[in-house]
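Working notes for the structure below.
The values are calculated or read from the model by the stated rules, or taken from the named source; none is laboratory data. Computed from a predicted model, the values in this text were never measured in an experiment. Positions of Cβ are generated from backbone atoms using ideal geometry, with glycine treated the same way; all protein chains shown enter the neighbour counts. The area values use the complete protein model at the heavy-atom level, side chains included, leaving out ligands, DNA and RNA. Shrake-Rupley method; radii C 1.70, N 1.55, O 1.52, S 1.80 Å.
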Amino acid sequence: MRRSILAASLALSFALPALADDAVQMISANAAYDAEESMSLTFIFHIDEDLAEQDVFIEKVAGSGEVFRPTGATRNMDAPLYAPADAVPHTPLQIENTGPWPRGKPLGITLGDWFSARGSGHYTCENGSGVVSLQFENLVPNGLYTVWHDFAIWPPTKPFLGFYDTPLGSRDGTENVFAADENGSAKFAREITPCLQLTGEQLISELAIAWHSDGETHGPMTGEFSTRTHVHMYVPLPKRTGL
């Protein structure tokens, strides 16, 4: 009996290194890095995808006290922008949901100012780490902004349930903040680990920038859309390599 136990122990001791090697190989295989990526980024507005602008509002009739979401058919670029009196959910795929809502605070800019913004950049991913480099012009002068990595189920749910928003960089929202200068120009660069999750078979992915009209960021949360936080532009991310 003792000989049988000893033989089994010896066999196990010789097998352990082999098992350990197999485990290391398995872990290494599962920890394989994302495919290398390198892409240019061009930011767009919601109206560029035939959607209504989400988080800024205009009065169609001055003095009416009712505000609407601008659409591609809106032509008055001199129209002042407002927040609604109460928060309106950010639901871009509910195309028909354009208002009206009771008018809230003036935002101090016009629709033409809003649409004059431009944003571009570059993204690379290599060996499990990514670099996002962005530049903007004609943002809200001296505006406080944050950068978000957003996801939504695709095809979308009916009714659309919205996006899942995560701060770019640290999950506590301390690395996604930037400010425009007095001319509305700004630059933002961040190294991230892991790389960005790109669009998949059942998931759409994008980067978005949000202006905070309350002059505050909200850590890992976006802040209340339409009254405090206003998505200014975004860039849809392509499908990941291999799909």
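Structure data summary
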{"item": "Cross-link reach list, aspartates and glutamates versus Lys187, counting only Cα pairs under 13 Å and skipping chain neighbours closer than eight places", "result": "Glu137"}
{"item": "Computed over segment 121-173, Cα set: Rg, Dmax in Å", "result": "14.8, 39"}
{"item": "Of all accessible heavy-atom area on the chain, the percent that carbon and sulfur account for (1.4 Å)", "result": "54"}
{"item": "Burial ranking of peptide ranges 68-78, 222-232 (average Cβ count within 10 Å, highest at the top)", "result": "222-232, 68-78"}
{"item": "By average C-beta atoms within 10 angstrom, highest first, the peptides 98-104, 142-148, 181-187", "result": "142-148, 98-104, 181-187"}
{"item": "Cut-off 12 Å, label 7 Å out along Cα→Cβ of Thr110, residues of segment 43-60 by amide N", "result": "none"}
{"item": "Ala73-Thr166 FRET efficiency (beta carbon distance; Förster radius 25 Å; 0.05 resolution)", "result": "0.15"}
{"item": "Residues of type lysines that Lys60 reaches as a straight line, Cα spacing below 28 Å, ignoring anything fewer than 8 places off in the same chain", "result": "Lys105"}
{"item": "Net dipole in debye of segment 134-215 [+1 Lys, Arg Cβ; -1 Asp, Glu Cβ; about Cα centre; nearest 20]", "result": "200"}
{"item": "Derived scalar couplings ³J(HN,Hα) [segment 122-137; Karplus, 6.51 cos²θ - 1.76 cosθ + 1.60; whole Hz; x for Gly, Pro]", "result": "8, 9, 10, 9, 8, 6, x, 10, x, 10, 10, 10, 10, 9, 9, 9"}
{"item": "Cross-link reach list, aspartates and glutamates versus Lys239, counting only Cα pairs under 16 Å and skipping chain neighbours closer than eight places", "result": "Asp34, Glu36, Glu37, Asp150, Glu201, Glu206"}
{"item": "Length released on extending from Ala35 to Glu182, taking residue separation times 0.36 nm less the Cα-Cα span", "result": "49.0 nm"}
{"item": "Amide H partners (placed H, <5 Å) of Val67, local residues excluded", "result": "Trp101, Arg103"}
{"item": "Heavy-atom accessible area per residue - the chain, 1.4 Å, Å²", "result": "55"}
{"item": "With Cα atoms, 0 to 90° folded angle of helix 2-30 axis to the chain main axis", "result": "30"}
{"item": "All Cα pairs of segment 172-243, percent lying beyond 18 Å", "result": "51"}
{"item": "For segment 57-97, diffusion coefficient by Stokes-Einstein and Kirkwood Rh (Cα), 20 °C, 1.002 mPa s, µm²/s", "result": "190"}
{"item": "Kirkwood-Stokes translational diffusion coefficient of segment 83-179, alpha-carbon pairs, 25 °C, 0.890 mPa s, µm²/s", "result": "148"}
